[in-house]
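Sharing a structure here in structure tokens format.
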Amino acid sequence: MPGNERAGMRVTVILAVALALASGCGGQPPAPPPSATPAPIDTGPRTVVYRIGGTAHVGDITVQTASGVEQTADALLPAEVSYEMPPGSFASVFVQNAAAEGSVSCEIVVDGTTVSRNSSEGEYVIASCDGTVP
């Protein structure tokens with residue numbers, strides 16, 4: 001009865017395959033992969049603060065803003081100005097001592113982090129700071 005044994009084996013194999021398919025191959029379906037959504041990038045404007053100081057009492061100040069350059073002659077020191085600027089903008093400040101003695105200093109702070117700092121001492125010297133807004 002080799003033919004009957006073969007037929008019985010075929011039926012057994014077919015039933016085993018049908019049961020495996022019906023029951024999901026004996027296991028739970030795989031869980032979907034975790035979403036790999038990157039964190040959103042903040043492309044909004046940054047607060048750029050220009051701080052100007054030193055021992056000099058008066059200075060000539062030039063700052064780069066989002067819309068251009070602003071100059072102030074004979075500004076009282078210390079001084080601080082702030083602007084909203086987009087990431088990637090060029091930030092720059094120059095201060096020239098308007099007196100025959102003393103020092104001048106500058107600092108650029110973006111959202112609380114110092115980007116550049118410099119100072120210079122002597123008559124009519126210039127301190128300059130620049131950097132890119134992160």
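The values are calculated or read from the model by the stated rules, or taken from the named source; none is laboratory data. All values reported here derive from a predicted model rather than from experimental measurement. Positions of Cβ are generated from backbone atoms using ideal geometry, with glycine treated the same way; all protein chains shown enter the neighbour counts. Surface areas here come from the heavy atoms of the whole protein model, side chains and all, with no ligands, DNA or RNA. Shrake-Rupley method; radii C 1.70, N 1.55, O 1.52, S 1.80 Å.
Scan region 97-110 for residues that are more than 22 Å from S67 (Cα to Cα) and open to solvent by less than 60 Å² (accessible area, probe 1.4 Å) and jot them down.
Restricting attention to region 97-110, the residues satisfying the condition of being more than 22 Å from S67 (Cα to Cα) are 97-105.
Within region 97-110, N97, A98, A99, G102, S103, V104, S105 meet the criteria.
Any residue at all in region 111-128 that's open to solvent by 50 Å² or more (accessible area, probe 1.4 Å), closer than 15 Å to D60 by Cβ and of a type in the set (A, V, I, L, M, F, W, C)?
yes
Output the residues belonging to region 101-122 that are over 26 Å from G44 (Cα atoms) and within 25 Å of the chain's Cα centre (by Cα). If you could, list the steps in order and put the result at the bottom.
In the first step, residues of region 101-122 are kept if they are over 26 Å from G44 (Cα atoms); the result is 101-105, 118-122.
The answer is N118, and nothing else.
Looking only at region 70-100, which residues are more than 31 Å from the chain's Cα centre (by Cα) and either at pLDDT below 95 or not charged (D, E, K, R) (or both)?
A73, A75, L76, L77, Q96, N97, A98, A99, A100
Does region 56-78 contain at least one residue that is open to solvent by 20 Å² or more (accessible area, probe 1.4 Å), without any contact (Cβ under 8 Å) to a residue 12 or more places away in the chain and part of a loop (DSSP other than H, G, I, E, B)?
yes
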